[in-house]
Each structure stands twice: as C-alpha cells, then as structure tokens.
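Notes follow once the structure below has been shown.
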Amino acid sequence: MSESLELITTSSDEGTLPLPEPQCREIYDKMLTIRRFEEAVLEIYTQGLMRGLAHLYIGQEASAVGICSALNDDDYLTSTHRGHGHLIAKGGKVDRMMAEMMGKVDGYNRGKGGTMHIADMSLGILGANGIVGGGMGMATGAALSGKMRGSGQVAVCFFGDGAINQGAFLESANLASIWSLPVLFVCENNHYGEYTAASDVTAVREHVAERAAGFDMPAMVVDGNDAVAVHQTAVEMVERARAGEGPCLIENKTYRYRGHHVGDGDPEKTYRTQEETDTWLAKDPIPRFARRMLKAGMVDEAELESIDADITKRVEDAVTFANDSPYPTADEVTDHVYA
Amino acid sequence: MSTPERVITYGEAVREAIAEEMRRDETVFFMGEDVAAAGGVFKVTVGLLDEFGEERVRDTPISEAGIMGAGVGAALTGMRPIVEIMFGDFITIAMDQIVNQAAKMCYMTGGQASVPLTIRTTIGAGRSSAAQHSQSLQAWLSHIPGVKVAIPSTPADLKGLLKTSIRDDNPTVIYEDKMMYGLKGPVPDDDDYTIPFGVADIKREGSDVTLVATSSMVHTALKAADMLDKEGVSVEVVDPRTLSPLDMDTIIRSVEKTSRAVVVDEAYRSYGVTGELASRIADEAFDYLDAPVKRVGAMDVPVPFSPGLEPETIPDEAKLVRTVQGLFHDVAV
C-alpha cells in the first residue's frame, strides 16, 4: 500500500477482547440476531411467504454491528438494499421488520416499503434504499442538519463496493468534506456488485478507500469480519466527527456468503470460486467473536447455546407475529402520498 | 378591510418570501450554486447572505445531485431547506434525489418520514440561452406522486406560493420563469401572506372561450385576450398556479360558462402539461364543450440559439389568437 494515501489497515489482536463484557455480549447478540433473522428470511422467502427480492446480509454482520455499537440512539444511519443487518444493529425490532418483509400492516412501513425501504425514524434509521448510492446524499444532509442544529449527532452512510462508482459518492463526499460534516462513509466491500467482481470495475490500486484521498478525508481499511476492529475504528471516527473534524471513509472488507439475492442461482458455479468462498467462510465473524468470548472467559459453550436458543426463539416469534398480522386494507393505498 | 399592497418585481418576490420565512423559522435555510456571495445568477437573492450569514445562506459546489441529496437529508431530520437549481434543465442531474428519494419517503415509510424541502428552479426560453438553458420541464415532476408543483405567473403568486411551499411538509418545486424576474406587480403587504396550493386564479373574466395558461403564457394569453376582445370574442384566462395539486374545479366551471377551451404552456407540446389539461377538460367537461379542446405549446424541437429561430418555437399571442379563431370558424356560432 502506498503510504502517500495514508490508509490505515486495521484488524484487532485475536488473542484479546479489549471491550467491556456487557458490550461484547451485546455485539455478539446483535450479530447472531442478524444471522438468524436472515436465515428466517431465506426460509419464508423459499416458502413463498415473502415476495419481491431478499438481499441477505449473512457474512457481513461484524460490519453493521461494529459500526452501530459506536453510535448513540439519536445518530443517523442510511442503509442499502442489503440493509436488514444495519437496521437490527441500530436497534430495529425483528418482529416489525419481519412483518414488513411480508408486506403486513404491523410492519415498520405498514407494508408500503418492504425489505428495501425499512425505516425507523425514531431510531435515526433514515431507510434502507433501493437505489445503489441512494443514501449518500441523505446521510450528508442529515449530518448537515445535525451540525446546523448543534445537536452533536453524526450520520453513518452504509454502502457497498458498487456504490463507490456512483456519482453520488463524489458529490456527497466533496460536500461533506468542504463543510466538515459529521458523516462516516462506510463502504462494505463484499467484493461483488451484484454479479460482477468489484476488482473488475473499480479503478483503484488495491483498496476502495484510496478514493478518500481525493476528498481530503482520512480513510481506513478494516478487516470487516472482525467486529472489534470495526468497532474500534468507528469509535475513533465518530469521536472525530462529533468534534467537528469532518467525514471519513471506512472500508470494511467482508463477504456475503449468499448470492446477490435469494433465488438467483449458485454464485460458486458462475462468477466466483468455491475456494474464495471457503477462505471467507473460515473468517466467519460470528464464530470468530464467540471464540474470543470463550477465551476471555465471558461465556462457556453451554451459554453460547442458550444465547442462540433465545435468539432463535425471538426470530421464530417474529415470524409468527408477521404471519398473524393482516395485510393493510385497500383504503390505505392513498394514505401517506403526502405528509 | 383590504390589505395594503406594494408593487415589487417577480425577483423581489423571491427574495422577500425567503427572507420572511427565514426570519419566521430558524430551521429554514437556503443553498445553491452562486446564491450567496453573488446573489444568484439572476441576482434575485442579493442581500440574503448579509442578513442571515453563511451558515444559513450557502454557496454550494456545482453539484446538483449532491446538494439535492443534502437537501433531502436535512429535510428528513428537522430542517426546512430551500434548494436552488439555477436552470431547470439541470434538475435532470438531481432526478434520483427528487423522484426516487424525496417524493417517496413519506409513502414508503408508511407516513413516518416527511421531507419539507423546497426546490426553486427556472424555466422558459426567450433569451438565446439555447437548448440546455431554456427548457420548461415542469411536466416531469408534475408526473410524480409525492411532489407538489407550483408555476407562478405574477409577483404576488410567486411570493404567496413560495412561502406556502417553505411551510409545507412535502417536497415542493417552484418553477420560476427566468424572463419574468423584472416583471412588476402588486403584492399584499403582509408577512403572513400565503396562497394555498391547488387553487387556480382567474386572471381575466370572459364568456366565450377559456384560455388555461401557465407561467409566462398567462401574459401571452392576456395579450391574446385583448386582441380577441377587439374582434368581439370575450376570453377568460385561468391560471392553475399549481400543477400538483391541480384545481380542476375552477377550470371546469370556466368551461361550463364559455363552452370552449384552449390550453397553453411553454413546454414542448408532446406528453406534457397541455396534454394532461386538455385530456381532463375533454373528459370532465365534455357535456359543456361546443368545440374540441385545443392546445398550444413549444415546438417539439430542442430550443435553438439563433434569434432568427428561437421565437419560432415558443407560443406567442398571434398563435393563440389564430387557435381561438379556429374554434369559432370550425363551429357554427
């Protein structure tokens, strides 16, 4: 890596767990909740209980949870089409999310948005987004708003490696930098934009984060499957943003274990190799974190099993809640076109 | 008891509306290209920076998608931004932010979110600005549910509609005709003067034919009405003032009275505002009509640069007069 780009490559020492136990428990709980939630989404989709598209976050859990565990409740977040993990990490309720997956009236958006548009304004979740790069302007504006109101709020803009090639990134990063806005641009580089390798379509030497140099903002390349490294990076950058020192670009290197969306075939038979996927499966963020908790003596195997059982039950209850919820009635179709 | 009035220009109406609303509500701020230090390319926002400072009156980079996106995000989170897009032609660059983001946030979130964003932009040919600085693209955003659209023709309408738009909790677009910034007219002398969206205004009363006209075409229609009056044809000029929501009731009532309608808008004639209005009049006022609804718009060509060509493409009063005369020649009076 060229030093002139001032990239910091971050991963944490696997032999330690330098965070307080309650925080570790919460990080683990959130990551596993995302995993179990996504597995349930896969199941309901396969059963025909969910329509549209399901873009699963499985494999990327450390990115969402590592970042969001550094935020306050009133900080803002914009998400992507692959957004379920970000929402859960920021505090989204799995039952209302699951109801939205099915288009039910008890869903976060009363069934009007679905998987790609879930928002919870009370948690600062300004929405998942069906447009690649669609949240970049919004996050920048939310940061501007926080700055103008003097609220101390920061905004996190999650996006994928595909969005780094959208013009919206250049325009938003430039604005955020000239106005020193408290926004963290978090690129989750899962190495594929839909079915095309990021490396084939992205003009960088090695890392997407190199682009930050063009906007006079710091950049970090993080092992995105290491929740601790992501969290520590986020803490530092959130603090910097709150202090008025402006935006940054964090690149979390990660991998999606599933395809672009459910039902689109077997990635390992088309655009990527089994060897590559296996390499990343060996770095699965959830067992990695569990091993560290075990080593630190925070949990034992039995407790890990009971945590999993609790989470699995919560997700099952969410599916039941969603199944039991009715569809919105036709008289709602014209509600909310205007505020 | 009538409100006292002052005569100001269309451009001054913009400045007064923004200044009054910024004094009234500290969450209102204004940003755009060259709007602060230079006071805008049309000089209509001169003085705002001095009064409100650079935090609330912001010069932006030439970055339409970026500033629109920032406007949407700020509007979602407690502010009331006014974003200026210097030329309406440039709104094409910010379309995702308006069409896919701002317009749909309230609906997609089941009513959780609102986007109190005001977008000001310009329309209109007539100054040899050629094909990328002269278009009247108001149909594009009028097509989108979730956006409100105003197209004021006078200083009073501009001021009242712009103030309403800033107070509205939805994304609104104000299309200002760049040729009218020097146009003078009376404006009520009242800081709380507003005009509701969805209320058309009868700019001239008449009994033989209804001319539904927007923006600068209102003035073209009024000139045509004077010319037709000399021939004994009494013209009513109806200005919808907002395209979304649209006050069809006033238009239908006028057609009920006159039995004939011509629609005029400065945009390209095909697939636009005139098509929509004519279709709705034909549909909703069919029983009152003694003649087909005619429409007049710009030629379906890119706006040319040459002073020898540009006027050919824009509707003028002579064309309106001929169109109205045609209605009476085709139909026994």
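The values are calculated or read from the model by the stated rules, or taken from the named source; none is laboratory data. Remember, it's a predicted structure, so these values are computed and weren't measured experimentally. Ideal geometry is used to build each Cβ from the backbone, glycine not excepted, and the neighbour counts take in all protein chains shown. Accessible surface areas use protein heavy atoms only, side chains included; no ligands, DNA or RNA. Shrake-Rupley method; radii C 1.70, N 1.55, O 1.52, S 1.80 Å.
Key figures
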| quantity | calculated |
| --- | --- |
| Local electrostatic count, A:Leu49, Cβ distance below 11 Å [Lys/Arg +1, Asp/Glu -1] | +1 |
| Principal axes of segment A:91-161: Cα extent on each, largest first, Å | 37, 27, 17 |
| Cα-based shape type of segment A:224-339, given that a ≥ b ≥ c are square roots of the gyration tensor eigenvalues and the cut on a/c is 1.5 | rounded |
| Extended-chain gain in nm, criterion 0.36 nm per residue less alpha-carbon gap, B:Lys319 and B:Thr3 | 110.0 nm |
| Mean-position separation - Cα centroids, segment B:271-333 and segment A:214-286, in angstrom | 58 |
| Cα-Cα over 20 Å, subset of B:Lys184/B:Lys294; B:Lys43/B:Lys184; A:Lys93/A:Lys295; B:Lys43/B:Lys159 | B:Lys184/B:Lys294; A:Lys93/A:Lys295 |
| Inter-chain Cβ neighbour average for residues B:24-31, partner chain, 10 Å | 1 |
| Between 0 and 90°, nearest 10: helix B:317-330 axis offset from chain B longest Cα axis | 40 |
| Ratio Rg/Rh, restricted to segment B:56-184 and using Cα atoms, in which Rh is the Kirkwood radius | 0.96 |
| Charge context of A:Gly133, other residues only, Cβ under 11 angstrom, K/R +1, D/E -1 | -2 |
| Cα-based shape type of chain A, given that a ≥ b ≥ c are square roots of the gyration tensor eigenvalues and the cut on a/c is 1.5 | rounded |
| Sites B:Ala131 and A:Asp310 - FRET efficiency at Förster radius 60 Å, r taken between beta-carbons, to 0.05 | 0.40 |
| Residues of segment A:90-119 buried by at least 50 Å² on assembly (accessible area, 1.4 Å probe, chain alone as reference) | A:Lys112 |
| C-alpha center-to-center spacing [segment A:6-38, segment B:205-247] in angstrom | 68 |
| Cα-based Rg and Dmax for segment B:138-216, where Dmax is the largest Cα-Cα distance (Å) | 13.4, 40 |
| Neighbourhood charge, 11 Å Cβ-Cβ cut-off, centred on B:Val237 and excluding it, Lys, Arg +1 and Asp, Glu -1 | -2 |
| About the Cα centre, charge dipole magnitude for chain B (Lys/Arg +1, Asp/Glu -1 at Cβ), debye | 300 |
| A:Tyr271 paired with A:Thr196, simple spin-label distance in nm, labels 7 Å along Cα-to-beta-carbon | 0.9 |
| Segment B:93-240, relative contact order [Cα under 8 Å, separation at least 6], % | 23 |
| Cβ neighbours within 10 Å from other chains - mean over A:162-174 | 3 |
| Peptide ranges A:307-317, B:260-270, B:142-152 listed from the most packed, as the mean C-beta count within 10 angstrom indicates | B:260-270, B:142-152, A:307-317 |
| Dipole of segment B:17-80, positive direction: furthest Cα of B:Met22, B:Thr77, B:Ser63, with charges on the beta-carbon | B:Thr77 |
| Packing-based ranking, highest mean first, of A:165-177, A:252-264 given that Cβ atoms within 10 Å are counted | A:165-177, A:252-264 |
| Within segment B:6-156: Cβ-based charge dipole about Cα centre, in debye rounded to nearest 20 (Lys, Arg +1; Asp, Glu -1) | 440 |
| Ordering of B:115-121, A:233-239, B:194-200 by packing [mean C-beta count within 10 Å, highest first] | B:115-121, A:233-239, B:194-200 |
| FRET efficiency, A:Arg205 to B:Lys257 (Cβ-Cβ, R0 60 Å, nearest 0.05) | 0.25 |
| For segment B:242-333, the fraction of alpha-carbon pairs in successive 10 Å shells from zero, as % | 16, 43, 30, 10, 1 |
| Descending semi-axes in Å of segment B:127-269, equivalent ellipsoid built from Cα gyration tensor | 24, 18, 16 |
| Dimensionless Rg ratio for the protein assembly as shown, taking C-alpha atoms and the 2.2 N^0.38 Å reference | 1.09 |
| Cα gyration tensor, chain B - rounded (a/c under 1.5), prolate or oblate | prolate |
| More than 11 Å apart - percent of Cα-Cα pairs taken over segment B:16-55 | 61 |
| Equivalent-ellipsoid semi-axes of segment B:241-286, from the Cα gyration tensor, Å, largest first | 18, 12, 9 |
| Average projected area [Cα convex hull, segment A:162-219], square nanometres | 3.9 |
| In Å², nearest 10: area of A:Arg25 left accessible to a 1.4 Å probe | 80 |
| Inter-centroid distance (Cα atoms) of segment B:125-141 relative to segment B:1-63, Å | 23 |
| Average other protein chain Cβ within 10 Å of Cβ, residues A:128-137 | 5 |
| Convex hull volume of segment A:55-181 per residue (C-alpha atoms, cubic angstrom) | 98 |
